[in-house]
Each structure stands twice: as C-alpha cells, then as structure tokens.
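See structure below.
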Amino acid sequence: MRGTITRREFSKVLISGIAGTALGVFGGAGRAFGASRQVVVVGGGFGGATTAKYLKKLDPSISVTLVEPKAAYVTCPFSNWVLGGLKTMSEITVTYSHLSAGYGITVIAESAKSIDALASTVTLGSGRVLHYDRLVVSPGIDFKWGAVEGYSRSIAESMMPHAYQAGTQTELLRKQLLDMKDGGTVLICPPANPFRCPPGPYERASLIAHYLKERKPRSKIIILDAKEKFSKQALFSKGWAALYPGMIEWRGSTAGGKVLRVDPVAMSVMTEPGEVRADVINVIPPQRAGQIAVDAGLADAGGWCPVNPLSFESTIHPGIHVIGDACYAGPMPKSGFVASSQGKVAAAAIVRLLRGQDPVPPSLVNTCYSLIGPGYGISVAGVYRLSSEGIAEVPGSGGLTPIDADAEFLEQEAMFARAWYRNIVADIWG
C-alpha cells in the first residue's frame, strides 16, 4: 500500500463511487425491462438491505422481498462506541420504513426457516413459502459454539457476552462495565482469523479504556489473543501508549493469549501459562456463516460460503447469491462497508442475469475506521478487482493512517469516522 492518501477525498467518494459504478452499468436507474421477476433477500443488514435497495434503483420492475426478523436493526459498526459511552443504542438503530415506502420493497419481519435450492423457495418461520427467480442470502455470522471449552450460547447470553451481534449483547456488556468496581479487570478474548471486523476487538478495548479512564481509572484491560498479530496493530499500540498508558495489555497467542477454556462461575479463563481472573470477560468465539446459509448447504468445510466473485453467485447452488460476512471473498475483510459494496455488485449482476446478460467485472472497495479515543481515529482502505485467481487487492490502492500522523490528522480521522457512519446509513436505509 502507499503510505498515505488524502482521507478527506477518499471517504467522500467511496460510498457514492461504487453506487455510481453499479448505476452506470445500465446508464442510470429506473429502466425496467420485461415482466416482473421475483428476488428474495434474506437478511437486512449492510449487505442485504443494500442489495434490496439497489435492485429497485437499477430496475423498479423487479419484485423485491426483504426477509428480516428485526423490525429495528442495530448496527454492529459503532456498537463499540456505545460500550465506550460515546453513542446510545437508539443512535445506532435503523428501520426499514424508507425501503418499504420509498422503494416499494416488501419487507417481511420474519425469520427464514429453510431454503430449497431445487424448488427455488424460501420457507419462513410462519410456514409461508416464498418463490424466487434469484435469491440473495446475507445472514451475517454465527458462532462455532463448543470451540472454546466451557463457552456456550447460554453463557454468552447471561455471563460472558460476545457482543459481536449488536443489540442485547451490547447492552449486557455495557451494563457489566457500568457495574464493575474501580480497579477491576476486563478481559477481551478475540478469535483467530477470519472473523467479522478484524479491528473490532481492538477498537473495543480502546473505547472501553476511554470509559474506564474517565470513570474507573484504576481498572485494567487484558487482551488474550488467539493470534500473533492483528489489524492496524502498530497504530493501535501507539494510540494506547498515548491515551491509556499502562491500562491495556495485549498478549499474543504464544505469549499466553490463547484461551483453552473458560469458567463462568469462577469468572476466569485458562491459558497455557495458567488461570486469568477478571470482573468482566468478553469472549469472542470463532465464527462461520449464518445458520441459514449452513443449513442450506451453501457453506464449505471451513464454514464460509464460496462464491463466483463476478456476481457473488454461490459456486454450490446456482441462482443463490451470498454476500457480506457469510461469503468467502479472498482478501476482502468482513466489514459493514465490504458487505454494502458486495451488495451493490450483486444487485447489478442479478439485474443483468435476469435480462440474459453477463455480469460486468466489478470493482470493490473497503474502508474501515477505528476510534482509539473521541478525537483519535485511524483507518485503512483498499480497492479490489478480479484477477485470474479471484478477488485481489489493487497494488498501491487505498492507504493506511500514517504511523507518524499528528494530532490534527488523527482528529480528522475521528471526524471522518462519524461522517462515514452517517453516510453509509443514509445510503442503505435512508
């Protein structure tokens, strides 16, 4: 990557640029062709909601049904800000009213129970059956329960929240932090790659440290990591030393960071060097594609869904497109921006396929902002294109916050992070 790019310009064009590319494939929105076709989208997060909206923007004649059990969706991006006391839950909650009223998308507030790829149907929890010409599956992540001895869904819901699916888990972890005594210890236990939002656990440590520094300054955070390195590590380490000296300790896998088992009663985790006790324990377990994708046979042995990068159509079940965290997309990280970028590419590809045309080779982008403190932001960005081996990052594209960035630059990054969130939420749900 190049050392720096102008973040102001990059952040302005990223969201609009990929949308413009998708619309440009057809010379603009609103050109309907042929009889109405049925497209069902399962999952209303960053990927699914984007796909539904851009399908209607590209061809209003397509009948689009969005299946999402949550009438109000809590975004994982910025949920760490809630943990740090910088945002409220209501500020990271969106609804689907504009997609329904503004674009004519049929929104069904139910869970998808099963997919029949041969019959081209989706069965809902109520028993209702939806038929489709094309299906988009964007279920996000699920967890490999049992991968960490002693850690289960029930333990996560009651004692050791993962908070990696925003909502009640976020609220539980926030409450535990509020209730913790000054001088307490917080453990954060990230998994090995791949997982949703690679910088997420480290931004979480940063913003929890911000809260503790203000309210419980004798407290400490220990990160027990299943990896030997992590995303934007040098930038995070520099920020921790500047803002929270002595408060955050990171232990890599070979330095005692690998968690062998947890004991929720004793509020401890066992590592190779021994037991580590804490007042609050945030275990983030290994992940895989969402359950509906696994049940439908869309995932491979690794737990993720292989796709054709030209259209994000499943290589296992034709006619089904898998986007977002659930799919395997080469070097692209599992992030909200990536899911939205893939959603636009999938929408453009589906419209062309329904017209009997071949998809156009896409250009995909990602940007990821992380907040270390309210006025201290860092970011990474990349551009991706198709190669003979699949999706590949364009050499020299994107950029990383310079390690020697001054205070003004870092404050601008924090400002751009807020603007990025406002813009992408407006683009998808607004």
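The values are calculated or read from the model by the stated rules, or taken from the named source; none is laboratory data. Everything numeric here is computed off the predicted structure, so don't read it as measured data. Neighbour counts are summed over all protein chains in view; Cβ atoms, including those assigned to glycine, are modelled from backbone coordinates with ideal geometry.
Of note:
Quick grid of which residues meet (1) closer than 23 Å to residue 205 by Cα; (2) surrounded by 19 or more Cβ atoms within 10 Å (Cβ to Cβ):
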{"position": "352", "(1), (2)": "no, no"}
{"position": "377", "(1), (2)": "yes, yes"}
{"position": "380", "(1), (2)": "yes, yes"}
{"position": "384", "(1), (2)": "no, yes"}
{"position": "401", "(1), (2)": "yes, yes"}
{"position": "405", "(1), (2)": "yes, yes"}
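- Residue check for residue 187: in contact (Cβ under 8 Å) with a residue 40 or more places away in the chain, farther than 30 Å from residue 426 by Cβ and not in a loop (DSSP other than H, G, I, E, B): yes
- Test: residue in the stretch 353-366 that is more than 17 Å from the chain's Cα centre (by Cα), on the phi > 0 side of the Ramachandran plot and not in a strand (DSSP E or B): yes
- Residue within the stretch 390-407 that is touching a residue at least 24 places away in the same chain (Cβ under 8 Å), of a type in the set (D, E, K, R) and within 17 Å of residue 364 (Cα to Cα) present: yes
Rundown of residues vs (1) part of a helix (DSSP H, G or I); (2) small (Gly, Ala, Ser); (3) in contact with an Asp or Glu (Cβ under 6 Å, 6 or more places away or on another chain), yes/no style:
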site: 39; (1), (2), (3): no, no, no
site: 51; (1), (2), (3): yes, no, no
site: 56; (1), (2), (3): yes, no, no
site: 61; (1), (2), (3): no, yes, no
site: 66; (1), (2), (3): no, no, no
site: 70; (1), (2), (3): no, no, no
site: 73; (1), (2), (3): no, no, no
site: 76; (1), (2), (3): no, no, no
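- Members of the stretch 91-114 found to be over 22 Å from residue 129 (Cα atoms) and either touching a Gly at 6+ places or on another chain (Cβ under 7 Å) or exposed (fewer than 15 other Cβ atoms within 10 Å of the Cβ) (or both), listed by number: 91, 93, 95, 97, 98, 101, 102
- Counting the residues of the stretch 52-72 that are buried (at least 22 other Cβ atoms within 10 Å of the Cβ) and either more than 12 Å from residue 103 (Cβ to Cβ) or among the aromatic types (Phe, Trp, Tyr) (or both) gives 3.
- Inclusion of residue 172 among residues that are of a type outside the set (S, T, N, Q), touching a Ser or Thr at 6+ places or on another chain (Cβ under 9 Å), part of a strand (DSSP E or B) and buried (at least 17 other Cβ atoms within 10 Å of the Cβ) is not warranted.
- Matching residues, the stretch 230-245, being touching a residue at least 12 places away in the same chain (Cβ under 8 Å) and either farther than 16 Å from residue 188 by Cβ or touching a Leu at 6+ places or on another chain (Cβ under 6 Å) (or both): 234, 235, 238, 242, 243
- All conditions but one from (1) over 24 Å from the mean Cα position of the chain (by Cα); (2) closer than 20 Å to residue 159 by Cα apply to residue 223; the one that does not is (1).
A quick yes/no check of all residues on (1) closer than 21 Å to residue 67 by Cβ; (2) hydrophobic (A, V, I, L, M, F, W, C); (3) outside the structural domain of residue 69 (by TED's automatic domain parsing):
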residue	(1), (2), (3)
138	yes, no, no
152	no, no, yes
155	no, yes, yes
161	no, no, yes
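- Checking every residue in the stretch 142-151 against the condition of being under 23 Å from the mean Cα position of the chain (by Cα), in a strand (DSSP E or B) and surrounded by 14 or more Cβ atoms within 10 Å (Cβ to Cβ) gives at least one match.
- Just so you know, in the stretch 95-141 the residues that are acidic (Asp, Glu) and not in a strand (DSSP E or B) include one that is nearest to residue 195 (Cα to Cα), and it is 110.
- Candidates 283, 307, filtered to the one that is crowded, with 22+ Cβ neighbours inside 10 Å and farther than 28 Å from residue 374 by Cβ: 307
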